[in-house]
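Reviewing the structure listed below.
Nothing in this text is a laboratory measurement; each read-out follows from the coordinates by a stated rule. Model, not experiment: these values are computed from the prediction. Using ideal geometry, Cβ is built from the backbone for each residue, glycine included, and neighbour counts are taken over all protein chains shown.
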Amino acid sequence: MKAILVGFMGSGKTTVGHLLAQKLNMPYHDLDDMIVERAGKSIKQIFADDGELAFRNMEHDALEAALDDDGILGTGGGTPIQAANFEMLKASDVPVVLLDVMPETIISRLQNDTDRPLAKQLGLDGLVDLKGQRDLRYEQVSDFRVATDDLTPLEVVETINKNL
Ligand code: S3P
């Protein structure tokens, strides 16, 4: 991989990842999409049928497989939080980019979300708490961070590109 994007749900990993891949003329890989493809069902359905732990195992396997591919990888919000994934990302020589976002932005982006099981389970306050619990790990796993709140997706792409 040329770069790996990490950050909380709603931080823009997928949008920015597509645009960055387009700009660099390389494929975009989305870890959630890889899991869905492998499982043959949606993330929501995996959580409902198999539970979060099973999802985390699938996520770990998909990450391991994805690291060898070419292109840009967008991870899921919980990916770098799992200890084994954190170690794998730290050990890889691929730049890890944190898309940072303020709680207010998360709330406005996720308030009507129906696809993310954790958003549904935790509610908006719970999501903000979860972000608070995760922020240090996001910082630690990443090589650099982009504060995205006041930037357009294309501006985020430019900032990342300058730093790669
Ligand atoms: C999760 C984030 C989701 C998805 C799953 C769990 C999390 O990805 O992997 O619902 O634990 O933060 P996005 O960050 O792409 O929404």
Query raised in the report: For the residue pair Asp49 and Leu164, what label-to-label distance in nm results when each label sits 7 Å from Cα along the Cα-to-beta-carbon direction?
Result: 3.5
Query raised in the report: In sequence order, what are the phi-derived ³J(HN,Hα) couplings for segment 83-90 according to the Karplus relation 6.51 cos²θ - 1.76 cosθ + 1.60 with θ = phi - 60°, rounded to whole Hz, with x for glycine and proline?
Result: 4, 5, 5, 4, 5, 4, 5, 5
Query raised in the report: Can you list the equivalent-ellipsoid semi-axes of the chain, largest first and in whole Å, using the square root of 5 times each Cα gyration tensor eigenvalue?
Result: 22, 20, 15
Query raised in the report: Can you list the HN-Hα couplings for segment 65-76, worked out from phi with the Karplus curve (6.51, -1.76, 1.60; θ = phi - 60°), rounded to whole Hz and with x for Gly and Pro?
Result: 5, 6, 4, 7, 6, 8, x, 10, 10, x, 8, x
Query raised in the report: Normalised by the residues of the chain, what does the relative contact order come to in percent, with Cα pairs under 8 Å and at least six apart?
Result: 34
Requested in this report: In debye, nearest 20, what is the charge dipole magnitude of the chain about its Cα centre with +1 on Lys and Arg Cβ and -1 on Asp and Glu Cβ, if you could check?
Outcome: 120
Report summary line: Going through Lys2/Lys23; Lys41/Lys131; Lys44/Lys120; Lys2/Lys44; Lys13/Lys41 one by one, the pairs whose alpha carbons sit over 18 Å apart turn out to be Lys41/Lys131; Lys2/Lys44; Lys13/Lys41
**Report entry** Computed lengthening from Thr14 to Ile107, 0.36 nm per intervening residue step minus Cα-Cα distance
**Finding:** 31.7 nm
Query raised in the report: So which trypsin sites (Lys or Arg not before Pro) in segment 10-75 pass both tests, a DSSP loop state and at most 15 other Cβ atoms within 10 Å of the Cβ?
Result: Lys41
Query raised in the report: Add -39500 (n - 2.57) for each DSSP H run of 4 or more in the chain, then divide by its residues: what number comes out at 222 nm, to the nearest 500 deg cm²/dmol?
Result: -18500 deg cm²/dmol
Report summary line: Once phi for every residue in segment 110-122 is put through the Karplus expression 6.51 cos²θ - 1.76 cosθ + 1.60 (θ = phi - 60°), the whole-Hz ³J(HN,Hα) values, with Gly and Pro written as x, are 9, 5, 10, 6, 10, 8, 9, x, 6, 5, 5, 4, 9
